[in-house]
Protein chains: 4
Amino acid sequence: MIKAGIIGATGYTGAELVRILSRHPEVELVALTSRSYAGEGMAGVYPSLTGYTNLTCENLTPDEVMDRAEVIFIALPHGHAVPVATRARERGIKVIDLGADWRFRNAGTYEEWYKIQHGNHELAARAVYGLPEIHREAIRSAGLVANPGCYPTSAILGLAPLLKGGYIDPATIIIDAKSGVSGAGREARVTSLFVECNESINPYGVTSHRHTPEIEQELSALAGKEVKVTFTPHLLPISRGILSTMYATLVRPASTEELRGVYEEFYAGEPFVHLLPPGQWPHTRWVYGSNNCHLNLAVDTRTGRVVVASAIDNLTKGASGQAVQNLNLMCGFPETMALEVPGLCP
Amino acid sequence: MIKAGIIGATGYTGAELVRILSRHPEVELVALTSRSYAGEGMAGVYPSLTGYTNLTCENLTPDEVMDRAEVIFIALPHGHAVPVATRARERGIKVIDLGADWRFRNAGTYEEWYKIQHGNHELAARAVYGLPEIHREAIRSAGLVANPGCYPTSAILGLAPLLKGGYIDPATIIIDAKSGVSGAGREARVTSLFVECNESINPYGVTSHRHTPEIEQELSALAGKEVKVTFTPHLLPISRGILSTMYATLVRPASTEELRGVYEEFYAGEPFVHLLPPGQWPHTRWVYGSNNCHLNLAVDTRTGRVVVASAIDNLTKGASGQAVQNLNLMCGFPETMALEVPGLCP
Amino acid sequence: MIKAGIIGATGYTGAELVRILSRHPEVELVALTSRSYAGEGMAGVYPSLTGYTNLTCENLTPDEVMDRAEVIFIALPHGHAVPVATRARERGIKVIDLGADWRFRNAGTYEEWYKIQHGNHELAARAVYGLPEIHREAIRSAGLVANPGCYPTSAILGLAPLLKGGYIDPATIIIDAKSGVSGAGREARVTSLFVECNESINPYGVTSHRHTPEIEQELSALAGKEVKVTFTPHLLPISRGILSTMYATLVRPASTEELRGVYEEFYAGEPFVHLLPPGQWPHTRWVYGSNNCHLNLAVDTRTGRVVVASAIDNLTKGASGQAVQNLNLMCGFPETMALEVPGLCP
Amino acid sequence: MIKAGIIGATGYTGAELVRILSRHPEVELVALTSRSYAGEGMAGVYPSLTGYTNLTCENLTPDEVMDRAEVIFIALPHGHAVPVATRARERGIKVIDLGADWRFRNAGTYEEWYKIQHGNHELAARAVYGLPEIHREAIRSAGLVANPGCYPTSAILGLAPLLKGGYIDPATIIIDAKSGVSGAGREARVTSLFVECNESINPYGVTSHRHTPEIEQELSALAGKEVKVTFTPHLLPISRGILSTMYATLVRPASTEELRGVYEEFYAGEPFVHLLPPGQWPHTRWVYGSNNCHLNLAVDTRTGRVVVASAIDNLTKGASGQAVQNLNLMCGFPETMALEVPGLCP
């Protein structure tokens, strides 16, 4: 039994962590921090948790959390996790950060895209990018894991086998991604209102979204050379779910069947990544509330391209579920512990 | 470990049973029957189950299912469960029927509202109405449990404490209920199409819905005299969830606080029924995918009425979750086994 | 051609006014006020209006608007319309207020429910409640029209024929109403976020909603005696639409057919109120974006009650469409001008 | 005043035609045909039309319709419009076909993708593709107009200026399109059920959708050489709306500003096509229920690509609105007649 704290517990990813950890047999939650809801019961903020947690939200300092916890999850706006994680590592406490602060080995890239200084380049260089299907062994021994962004998780899992195997031209990659509104968080903003999102879809952050360099860092490592992508996120009237549809030109002709074999081999034994049968394209609701990633692909023989689709739940595999998966690896628990449920469907 | 079969596995309640039972440590699913999908993998019909079941849908006779299973769930259109359950009881096999065939102690009431003959009045009189919060002890020793309808579950749980305690005039009960579309099943009908349901709400079955006599049977037993209600169901653009808003005139003045005490006592120790704090009215998404029922109430002192709201997930507590709760009771497993998860929220 | 201004143009009711008036052949919009968006084009705030208006939002004083306009619409939070309308009437300018400030003949009732002082009881007593189907002649000659609330519009239209004709016991009225999220306005609030509303329904304001006394004022006038109702609003995951389901006990037995005749007579010749055929219950999407009100009813012979359902679009007949209908009456234009479109369905 | 008939009036595009034409001052609807609903009032099938049409659906032969009408709209499944339009042209009756039968100048392409024989290659070669922004003059004098598909309308309007001007490499075009469920029609199919579509997005018809050759025919004509595209449609939980996000490689560096100028010039004077201001990306709800197309674009300087987004309402500009626009052109009415309304937003 390990003691865990969540710093920033009342956002959507924080609530999702509590939901998942409430049934984790090896984790005891000992601290939930919140400024806005300090003094309120977590089950008052998220009544779905009524009967599942008696914890009260507290306005604790990071050190106060570390006094109680052996591992901390950080779910704060970017910029805020740098000092917290730095301090935690000094105290030997394990950290899983759900934000962007530690996702870049080269903190200069972070500074360029996020327009703020990063206070600890040295530690950034040693943090581990927490995508278990790519970095499992490094995660097992990591003290600081940078939990991947939701879009990058779906995109990297979708493209990794092709890039690793050299099947596609890295200069031709286009990622058209569609996300549910929970990705925008629980902040009260006009653009996240029901009436503004319902019955609509729109692109945003075109050519400039901050998940672009994160995707490129990982794809470049897989390809063994620098990769630049065109990435377009869209906002979709669903609560949870990301679908990424990806396009790339094959470097030599290949059949759908041949490429399916590449994926099957690459993801053999993976508990959460599933290549669906031929012709069965991912629906985000099939992974709703689960830690699964569903994939499929087809070769467009008319144009020499491959089309890949990848579906995850942005709050689970795209955030808090993956964070628990990383926790399990870091603590030596079974990797799927507390994450065994199928998607909530229908 | 008990062997279980599902007759009619590919409707929404069947799929929900498979979802829940896939993580039940004491149940092994041994048969899934389907006419439409015979020969297909259950995970092909519901790809959310990919990796959670290897079972194939089969067009089996009931006796073939009973050759394999010690307990059967029946998820068939009404009328079809009478011969199946009759045969199962002859063979000593436990039965949980998710349809209406066994919900009436007086099968004549069933015949009047469902407009078909019931072939086994004698067994109907002995079947147990599977609402554990009301009939727990009878369920434990039952061989045939009639799993309640979704609307009745929400309505009866909402009104039981008031009727049992004699706080309201049974002649004044009005139940205004709102259901998600999954309640209409997976049959391809124009009225269940996305475009017909989206951005809309409508009443249906006004003054004539078949759940009316089921509600009345149970409320009458609680009140100790015949109760007739006005019940109006509505169709709502959500997949899962029922909210019942209920109105009744108090027989004598009472405060909200006093009536809260009545509910707290009535449901003390219940694992799935939660009276929310004062002023926090149930939202169906708070119980999404869970077996919970959330309640709240207020006295309208201006008119002498009490208003009660009750929220459940129609597929879980309103159908398959409650069926597993009944299974647990019938088999001596912990009542909450495989049902411990909070609502999937946000 | 009349010159009109909108004070508070960038909320949802303001935008709906602009949408409707953009095709009104007798109205020229000459001023749109907004604090938040002063200096921005209205079509920048609501890009759906691109090509339909070149007006810029301005932070004007009420008097500056009145310098340009012959009639003003006020779409401000309650409390703010009292001084504006008072001044406008001094200047002889016609006013249609979409808020609550002028809806009560007895401003004391307003003060009791809205918890603020009303600065002009005398003018309040002379304002006209702008429900044309009930007060058409008074509206024609009014200088100040209080546009009804959305819930009251649906409820009063649904119950008026029964109360006027003395068919129901006024002490037994229950109104269970369901509204789309646009009724909460465009203010950035957590409770109006997509993720908080989607896949959910909940009651709110139980026993205390401020539309209660407004409904009671009008129903009392129709009944010829004081009426108190139990009114429960619900929030629904649709953008537009209100469905009110209403219950009352008949004072003597009556058939559905007989009561249909009462409605047909009461609403004979009404352009916007439609009693649907027997058994066809209103769906809010059938009136989506239109100024129509769809009604139906049935007698529950088992309990001696009548059930009435009434559907409107809360932003159109429930707010801005009705405001334009009132404008048409006040200015002598054809009552349906600019409001002739059917619901946007499918 | 022209007499018009609709063959296949009770599908979604038929209902949308009736909705629009109900306020067309120069069109009198004289016949609505339907097999499923013969004998029922159109307002019974679509109650939103209550008060707007008294027409009854009839099971008429095409010749019976032509006996009454001077122009006919055909809204039938593909294959069925060939004999109807052939006969109409023999009788000199104007035809607007909303299906695929007449969209291909080379009927062989149709036969290849639709897998059926086309009975009138000669007439197909002379039919006019009814996209007014591209073929306005030909439409004016046409007897048979093939109304474009919904996806092609959005894609072609989005790419036409770039291809016509030679700014992009035609071999690099990728079209990632997202459609509301009404595009699937009103047929009762499991895949169109609310529960199957809600809270989900999925690709379908990957590499094989029948709108591909239609897009290619028109893009090839614009480019002056053969164009092949990768086209991926997606199903989205909205009722109406298509967003197409398009990608292509620039043949030489160009700025967003420069390309904006190209679009402004190409669409100068167009009543329905609007290039939104820089940074304001199209939302489908902004064109909801209108005949508008909203566009925007940006150059991705990092990769040398241009990204274009195009939003329409699939039932209006993508089907019935465009059909009325074509009717207006064919009959010499003002092109925007009955189509002047802005999007229904919020």
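Numerical summary
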| read-out | value |
| --- | --- |
| Cβ neighbours within 10 Å from other chains - mean over B:278-286 | 6 |
| Residue-by-residue Karplus 3J(HN,Hα) for region D:56-66, coefficients 6.51, -1.76, 1.60, Hz, glycine and proline x | 9, 6, 10, 8, 8, 6, x, 5, 5, 5, 5 |
| Integer Hz, Karplus 6.51/-1.76/1.60 couplings in order for region B:285-293, x for Gly and Pro | 5, 5, 10, 4, x, 10, 9, 7, 10 |
| Trypsin sites (Lys or Arg not before Pro) restricted to region D:7-41 and DSSP loop, no more than 14 other C-beta within 10 Å | D:Arg35 |
| Relative packing of D:44-57, D:312-325, which averages over residues the other C-beta atoms within 10 Å, highest first | D:312-325, D:44-57 |
| For C:Arg87, inter-copy label distances in nm, listed shortest first [label point 7 Å out on the Cα-Cβ vector] | 5.2, 6.9, 8.3 |
| Loop trypsin sites (Lys or Arg not before Pro), region A:212-250 (other Cβ atoms within 10 Å of the site Cβ: 11 or fewer; DSSP) | A:Lys225 |
| Contact order relative to length of chain C, as percent, for alpha carbon pairs under 8 angstrom and 6 or more apart | 17 percent |
| Cα centroid separation, region D:1-71 to region B:154-175 (Å) | 50 Å |
| Interchain or long-range residues, amide H under 5 Å from C:Asp300's placed H | C:Arg305, C:Val306, C:Val307 |
| Solvent-accessible area, 1.4 Å probe, carbon plus sulfur percent, for region D:235-323 | 55 percent |
| Mean separation of Cα contacts under 8 Å (6+ apart) over length of region C:151-314, as relative contact order % | 31 percent |
| Fraction of accessible area attributable to carbon and sulfur, region D:1-96 (%, probe 1.4 Å) | 46 percent |
| Between 0 and 90°, nearest 10: helix B:256-266 axis offset from chain B longest Cα axis | 30 degrees |
| Nearest-ten-degree value, helix B:150-164 long axis tilted from longest Cα axis of chain B | 40 degrees |
| Estimated [θ] at 222 nm from DSSP helical runs (n ≥ 4, -39500 (n - 2.57)) normalised by residues in the protein assembly as shown, nearest 500 | -9000 deg cm²/dmol |
| Residue-span extension gain [B:Val30 to B:Ile116] - 0.36 nm each, minus C-alpha spacing | 27.8 nm |
| Helix C:321-331 axis, angle to chain C major axis (alpha carbon atoms, nearest 10°) | 70 degrees |
| Positions from region B:229-243 whose accessible area shrinks by 30 Å² or more when the full protein complex is built, not the chain alone, probe 1.4 Å | B:Thr230, B:Leu236, B:Pro237, B:Ile238, B:Ser239, B:Arg240, B:Leu243 |
| Residue-normalised accessible area of chain D, expressed per residue, 1.4 Å probe, Å² | 30 Å² |
| Closest approach to the A/B rotation axis among chain A Cβ atoms, residue and whole-Å value | A:Leu344, 3 |
| Net lengthening on full extension, C:Asp169/C:Arg23 (0.36 nm per residue, minus Cα-Cα) | 48.2 nm |
| Backbone N under 13 Å from the A:Thr336 label point (7 Å along Cα→Cβ), restricted to region A:265-290 | A:269-274 |
| Percent carbon-and-sulfur accessible area, region D:115-160, ignoring ligands, DNA and RNA, probe 1.4 Å | 52 percent |
| At most 15 other Cβ within 10 Å, DSSP loop - trypsin sites (Lys or Arg not before Pro), region A:56-160 | A:Arg91, A:Lys115 |
| Spin-label pair B:Asn106/B:Thr301, simplified geometry with 7 Å Cα→Cβ offset, distance in nm | 4.1 nm |
| Interface size D-B, as summed buried accessible area [1.4 Å probe, Å², nearest 100] | 1700 Å² |
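The values are calculated or read from the model by the stated rules, or taken from the named source; none is laboratory data. Just so you know, these numbers come straight off a predicted model, no measurement behind them. For neighbour counting, all protein chains shown are included, and Cβ atoms are generated from backbone atoms with ideal geometry for every residue, glycine included. These area figures cover heavy atoms from the full protein model, side chains too; ligands, DNA and RNA do not enter into them. Shrake-Rupley method; radii C 1.70, N 1.55, O 1.52, S 1.80 Å.
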